[in-house]
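Please treat every number below as a calculation from the coordinates, not as lab data. It should be emphasised that the depicted structure is a prediction, and the values quoted were computed from it without experimental measurement. Cβ atoms come from the backbone with ideal geometry, glycine included; neighbour counts cover every protein chain shown.
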Number of protein chains: 2
Amino acid sequence: MRDIVLNPPVDAPEAQGSDTGARPLNRRQVAKQRTRGKVIEAARNLFAQRGYDAATIRDIAREAGMSTGAVFANFQDKSELFDTVLAEDLARLAEALTRGIKTGTDLKSRLLGGFVAGYEATLDQLPLVQAVVARAWHQPLQDARKGRELIAPVIEGLESLVADAIKAGELKPTTDAALVTELVWVAYLSNYRRAAYDSWTIDTLKSHLEQQIDIILSGQRAR
Amino acid sequence: MRDIVLNPPVDAPEAQGSDTGARPLNRRQVAKQRTRGKVIEAARNLFAQRGYDAATIRDIAREAGMSTGAVFANFQDKSELFDTVLAEDLARLAEALTRGIKTGTDLKSRLLGGFVAGYEATLDQLPLVQAVVARAWHQPLQDARKGRELIAPVIEGLESLVADAIKAGELKPTTDAALVTELVWVAYLSNYRRAAYDSWTIDTLKSHLEQQIDIILSGQRAR
């Protein structure tokens, strides 16, 4: 499951009181990172509230308490700002998925453990998840490609779980790992809409996803 | 599969050269319907091009060659206009699904026939499908409820196919028809993204959806 761990995004706001051994930043660098962090935070809030299209750079700057010039000094355009927010959130999701997967269990438990940890790590940012999925559906091709690159390690990590289960003889050797992973991922994602519009809790999400995974895996199990 | 047939939307532009036996419209009514039709067409184009949020009533009016006042004389707000476009397109989709389902075949063939006809009927309006799904993910609760009401007959029609296959002994009696329908629907929808960003053709969509349906149904088949 190592594949799933994304590197911390380069654009992360400065680590608070970190002692990671990285070279200490000088005052100017610290100020610059703080500015970036403020812009990212403001962008995150506005993307979540209004969606990508309706959140303008002007509004984001105002929310961050700075000029649009200061925003553009840090980010080329709105799309780059969105990708930075997305990269941070995917890193958080990937970390949660990895943490949630219990080794030594069957595939269903591993997937479910990972995904439930994923829901737990993101449900307090539900409007942002909604904005991200909405954006994934209606964006220029070039942006779609960038988004796909960002999500790829998460999908590959999940697919390696399925591939491992095939190798271990838990699933049939004829199972298409990519297709099974895709179906499980699509089910996982689709449930966020129920969380948003039917107020589904973690427990509801978990029980529903468990049934979905059961259906998807039931024909693939080696008996 | 009767459930799936939506009534033609009340707001449809006037039937051209129709002889449906409806009472003929007087000149004023014809003019009013023509105006509505123009607004809907302009809205459809702008929603597809820009997405819901970025398409303003002002732009829609300009595209239709009329004043914003004329738009508001026909539609209360952008959300009502969007629902009208959506209702028309869902009626088209439902009609295609119904037409594509061949009776007398197994569930997989019926579902696949319906869905492929669905792709065929909508693929020339792919950007609008993308805008609709994006909107489904990021909209106020009240709008989400309306959207769900519009889509419900389509989902119910599909679910009745699955329920019929359970009754006919093709699927296990323990099969959860709603859950199977949901998974197939979510897979069907998700493939539109591949059509949009990977230029998938009808043939690619068909072959991929067939594999997805195989996985979803394989554990549910009564042997």
First check a/c for the protein assembly as shown, with a ≥ b ≥ c the square roots of the eigenvalues of its C-alpha gyration tensor; if it is under 1.5, answer rounded, and if not, answer prolate when a/b is larger than b/c or oblate otherwise. oblate
Taking placed amide H atoms and a strict 5 Å upper bound, the residues 5 or more places from residue A:171 or on another chain that come that close are A:166, A:222
With one decimal in nm and the nearest listed first, the spacings from residue A:62 to its own position in the other copies, using label points 7 Å along Cα-to-Cβ, are 2.1
Before anything else, pin down the relative contact order of segment B:24-75: Cα pairs under 8 Å, at least 6 apart, normalised by residue count, whole percent. 32 percent
Along segment A:212-223, what does the Karplus equation 6.51 cos²θ - 1.76 cosθ + 1.60 (θ = phi - 60°) give for ³J(HN,Hα), rounded to whole Hz, x for Gly and Pro? 5, 5, 4, 5, 5, 8, 4, x, 9, 6, 6, 9
Here P(r) for segment A:112-157, Cα-Cα distances in 5 Å bins, as whole percents, is 5, 18, 20, 26, 20, 8, 2
Position residue A:222, label points 7 Å along Cα→Cβ, spacing to each other copy in nm (shortest first, one decimal): 3.1
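Give, in nm to one decimal, the length gained when the segment between residue B:25 and residue B:207 is fully stretched (0.36 nm per residue of separation minus the Cα-Cα distance).
Working: separation 182, 0.36 × 182 = 65.52 nm, distance 4.65 nm.
The span from residue B:25 to residue B:207 would gain 60.9 nm if fully extended.
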Tell me the mean residue ellipticity at 222 nm calculated for chain A from its helices only (DSSP H runs of n ≥ 4, each -39500 (n - 2.57), averaged over every residue, nearest 500). -23500 deg cm²/dmol
State, to one decimal in nm and shortest first, how far the label point of residue B:198 sits from each corresponding label point in the other identical copies (label point: 7 angstrom along Cα-to-Cβ). 2.8
What one gets for segment B:24-75 as the Kirkwood radius, inverse of mean 1/r over different Cα pairs in Å, is 11.2 Å
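Calculate how large, on average over all directions, the projected area of the Cα convex hull of segment B:57-193 is; give the answer in nm² to one decimal.
9.4 nm²
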Convert each backbone phi in segment A:26-33 into a coupling constant with the Karplus relation 6.51 cos²θ - 1.76 cosθ + 1.60 (shift: θ = phi - 60°), then list the ³J(HN,Hα) values in order as whole Hz, x for Gly and Pro. 7, 4, 5, 5, 4, 4, 5, 5
Taking 8 Å as the Cα distance limit and 6 or more residues as the minimum spacing, I'd like the relative contact order of chain A as a percentage. 23 percent
Could you give the distance between the Cα centres of segment B:19-75 and segment B:187-209, to the whole Å? 31 Å
If neighbour count is taken as other Cβ atoms inside 10 Å, put A:75, B:115, A:82 in order from fewest to most. A:75, A:82, B:115
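Normalised by the residues of segment A:161-223, what does the relative contact order come to in percent, with Cα pairs under 8 Å and at least six apart?
Details: 34 pairs, mean separation 27.2, N = 63.
Normalised by residue count, the contact order of segment A:161-223 is 43 percent.
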